[in-house]
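Let me begin by presenting the structure, written as structure tokens, before commenting on it.
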Amino acid sequence: MNKASPFGIRQILALFLLLLIATLSLAKEAAPLAEDEVVEKRMVAISDEMRCLVCQNESLSGSHAELAQDLRREIRTMIKEGKSDSEIKAFMVNRYGDFVLYRPPMKATTYLLWFGPFLFLAAAILVLVNYLRRRGARLDQGAEGVEGALSAQEQQRADALLKQVEAKR
Amino acid sequence: MKRFMIPLFLFVVLLGFLAWGLKPGYDPHEVPSPLIGKPAPAFLLKQVDSNAADFSPEQMKGKVWLLNVWSSWCVSCREEHPVLLSLSKTGAVPIYGLNYKEVRGDGGFKEPDVETPESNAAELALGRRRAEAWLSQHGNPYVLTAMDITGRVGIDYGVYGVPETYVIDKAGIIRYKRIGPVTQESLEKKILPLVKELEKS
């Protein structure tokens, strides 16, 4: 033990531990965020699927906008009243339109939205098939017209050159 | 030649879309209201004037009228206020006010955790004082103003930003919704012609 210090490493460690325990005992158990966890979970599940009208890049569940808070409260009340998820969804859509839904419903005005990508895919496949067919036909006809291929004349020259090389060996 | 026509065509289409996105007055954040063509949601609210009876849109049956959502803390409302004032002087169409969350909408106020009749009365009184002060300072274009203290009526009307203005016809159907401040241009091009047409029917 160091004579200059009245405390050894053990005592200091013990003091540290004591202080640590003291701070731990001050920590309270986390207060529940909402009175009713089931209601809260359903509210979050519903509002996660909805767009906040004020900050339109945020979901209704994650937004701090005042209107979002009001609407979350409204949804909570409806859940407590025993309304179904689809009733709550209808409540929101009646007021703010399909715009609030992150998953647009399937209906006449949204067919293009839902099937548009497949239309593009189908068009691309048609173009590809058409191109491959034409290319195949051109290859079958012979080298004529295929880019980078040799014409009959060029082929003859190439053969002649190869023969020359072989003759020199 | 065909080789260049296809990309050129695609580029022109793209330009068309871009031009459409840049057209003046187009706001991509504007949410088209599903309430157009539907009956104006019913409500019964206290007025700014504490001596007046409660106001309900039912009382407006048979008249074409404007419902203007405003608040003293709303900055854009100050922008449209002169337009509304001059409109009210012409008497072309009556303007009714819906004061939206006068106290709560103001960032400084903390909502009570539990609403009691006393806290509600105190909030209403404070809201009336603020609304009255604002109207006497800036002028009052409204026939009357109903107090939507909690913002619950605003939710029924799909209000998501003040100011908003609704044109409601004689049968109580919402015919048009203006999101954002009413301008002289929107008044002359859209609102007044619509009001005239609705008056005829």
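Nothing in this text is a laboratory measurement; each read-out follows from the coordinates by a stated rule. Just so it is clear, the structure is predicted and the values come from calculations on it, not from any experiment. FYI the Cβ positions are ideal-geometry reconstructions off the backbone, even for glycines, and counts take in every protein chain you see.
In table form, for the structure just shown:
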quantity: Contour minus Cα-Cα distance for A:Asp159 and A:Asp140 (0.36 nm per residue); calculated: 4.7 nm
quantity: Principal semi-axes in Å for the stretch B:35-200 [√(5λ), Cα gyration tensor, largest first]; calculated: 26, 17, 14
quantity: Local electrostatic count, B:Pro117, Cβ distance below 14 Å [Lys/Arg +1, Asp/Glu -1]; calculated: -2
quantity: Violating pairs (Cα-Cα greater than 31 angstrom) within the set A:Lys80/B:Lys110; A:Lys89/B:Lys196; B:Lys110/B:Lys170; calculated: A:Lys89/B:Lys196; B:Lys110/B:Lys170
quantity: Compactness of the stretch A:89-135, expressed as Rg and Dmax over alpha-carbon positions, Å; calculated: 17.6, 57
quantity: FRET efficiency, 1/(1 + (r/R0)^6) with R0 41 Å, evaluated for A:Leu13 and A:Asn57 via beta carbons; calculated: 0.20
quantity: For residues of A:54-62, the mean tally of beta carbons on other chains within 10 Å; calculated: 1
quantity: Folded to 0 to 90 degrees: helix B:75-90 orientation relative to chain B principal axis, Cα; calculated: 80 degrees
quantity: Additional length obtainable on full extension of the chain from B:Asp106 to B:Arg152, 0.36 nm per residue less Cα span; calculated: 15.0 nm
quantity: Calculated SAXS-style log₁₀ I(q)/I(0) at q = 0.16, 0.23, 0.25, 0.27 Å⁻¹ - the stretch B:23-94, Debye, Cα scatterers; calculated: -0.92, -1.41, -1.35, -1.28
quantity: Chain B: calculated mean residue ellipticity at 222 nm from DSSP helix runs of at least 4, using -39500 (n - 2.57); calculated: -11500 deg cm²/dmol
quantity: Residues listed by number, the stretch B:17-48, amide nitrogen under 17 Å from B:Ala121 label point at 7 Å toward C-beta; calculated: B:46-47
quantity: Cα-based convex hull, the stretch A:37-104, per residue volume (Å³, whole number); calculated: 75 Å³
quantity: Student exercise, chain B dipole from Lys, Arg, Asp, Glu Cβ charges, in Debye to nearest 20; calculated: 940 debye
quantity: Degrees between helix B:117-138 axis and first principal axis of chain B (Cα, 0 to 90, nearest 10); calculated: 60 degrees
quantity: Candidates per trypsin sites (Lys or Arg not before Pro) in the stretch A:75-138, loop by DSSP, up to 16 other Cβ within 10 Å; calculated: A:Lys83, A:Lys107
quantity: Principal-axis tilt of helix B:2-21 within chain B, Cα atoms, nearest 10 degrees; calculated: 10 degrees
quantity: Size of the protein assembly as shown as Cα extents on the principal axes (Å, biggest first); calculated: 117, 103, 43
